[in-house]
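Data first, discussion second: the structure below is written as structure tokens.
The values are calculated or read from the model by the stated rules, or taken from the named source; none is laboratory data. Just so it is clear, the model here is predicted, and its values are computed rather than measured. FYI the Cβ positions are ideal-geometry reconstructions off the backbone, even for glycines, and counts take in every protein chain you see. For accessibility, only protein heavy atoms count, side chains too; no ligands or nucleic acids. Shrake-Rupley method; radii C 1.70, N 1.55, O 1.52, S 1.80 Å.
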Amino acid sequence: MHFLSEVLENYIESNSEAEPKVLRQLRRETHLKVIQPRMISGHFQGRFLSILSKIVRPKNILEIGTYTGYSAICLAEGLSQDGRLYTIEVNEELCAIQQKYFIKSGFENHIQPYIGDALDLIPNMDVVFDLIFIDAEKKNYDAYFEACIKKTRPGSVILSDNVLWSGKVVEQVDSTDKTTQALLRYNQKLQSDPRVETVLLPIRDGLTLSRVL
């Protein structure tokens, strides 16, 4: 998942905005108590999400894949004063840690968590989103994107995480590796889709930024 040396990653983090205390605590608790803690966004990517959200200054944010809530808190930092973040997670067991840190962050009144399948929930949301973060089941990325873009406006930003998939997208793909195959198709789709302009950033495990036209 990491394409830079540990020395360079440490240098990048030390020359970026410091990780807020509440997020350091959440990252530590995630690593101590939750399976697959590497799924958490982490310091550098989290600060990128935060500053991008502050630039966009969104009224409405949609996140697909809450996990323990780290990225949701980062994104919420840029919400407009009356803004709201809608975040969807399929694993109900993570609700307690999410809520604990949403409260500690001070954003609990701006975050609306949902438990369930994003593809069932999104069509029923009567909201136009300024910023969307897709970070859930990779084989569903195309379906997530299609559901999301119907809820955007020109200028909305759609972020897609893990699009380099530990570098597997540039390796020989096994015929049974459906996830990598799906991401290869998705990356090509975004690059050529006339509805968006896209840049793929080598941040952590790959983060695509698409602007709706």
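For GLN172, the conditions (1) in a helix (DSSP H, G or I); (2) without any contact (Cβ under 8 Å) to a residue 12 or more places away in the chain all hold with the exception of (1). Suppose we filter segment 13-30 for residues that are at pLDDT 95 or above and either open to solvent by less than 100 Å² (accessible area, probe 1.4 Å) or among the hydroxyl-bearing types (Ser, Thr, Tyr) (or both); how many remain? Residues meeting the conditions: 12. Only a single item in (1) within 16 Å of ILE132 (Cα to Cα); (2) open to solvent by less than 30 Å² (accessible area, probe 1.4 Å) is not met by THR180, and it is number (1). If you go through segment 147-155 one residue at a time, do you hit one that is in contact with a helix residue (DSSP H, G or I) (Cβ under 9 Å, 6 or more places away or on another chain), buried (at least 18 other Cβ atoms within 10 Å of the Cβ) and outside any loop (DSSP other than H, G, I, E, B)? Checked against the condition, which is being in contact with a helix residue (DSSP H, G or I) (Cβ under 9 Å, 6 or more places away or on another chain), buried (at least 18 other Cβ atoms within 10 Å of the Cβ) and outside any loop (DSSP other than H, G, I, E, B), segment 147-155 yields at least one hit. Assuming ALA96 fulfils every condition listed in (1) under 15 Å from the mean Cα position of the chain (by Cα); (2) farther than 19 Å from ILE149 by Cα; (3) in a helix (DSSP H, G or I) apart from one, which condition is it? Just one mismatch for ALA96, condition (1).
Which one is surrounded by the most Cβ atoms within 10 Å (Cβ to Cβ), of the residues in segment 112-129 that are among the hydrophobic types (A, V, I, L, M, F, W, C) and under 16 Å from PRO58 (Cβ atoms)? Write out each step before concluding.
Taking segment 112-129 first, the residues among the hydrophobic types (A, V, I, L, M, F, W, C) are 115, 118-119, 121-122, 125, 127-129.
Filter again for under 16 Å from PRO58 (Cβ atoms), leaving 125, 127-129.
Working: MET125: 18, VAL127: 14, VAL128: 12, PHE129: 25.
Here the residue is PHE129.
Among the residues of segment 61-90, those identified as over 14 Å from GLY116 (Cα atoms) and surrounded by fewer than 23 Cβ atoms within 10 Å (Cβ to Cβ) are GLU77, GLY78, SER80, GLN81, ASP82, GLY83, ARG84. Scoring ASP142 on the criteria (1) open to solvent by 10 Å² or more (accessible area, probe 1.4 Å); (2) free of Cβ contacts under 8 Å to residues at least 40 places away in the same chain leaves a single failure, condition (2). Would it be correct to say that ASN109 is in a helix (DSSP H, G or I) and surrounded by 14 or more Cβ atoms within 10 Å (Cβ to Cβ)? Answer is no for this residue.
Comparison of ASP174, ASP130 shows that the only residue that is in contact with a Lys or Arg (Cβ under 7 Å, 6 or more places away or on another chain) and more than 22 Å from ASN91 (Cβ to Cβ) is ASP130.
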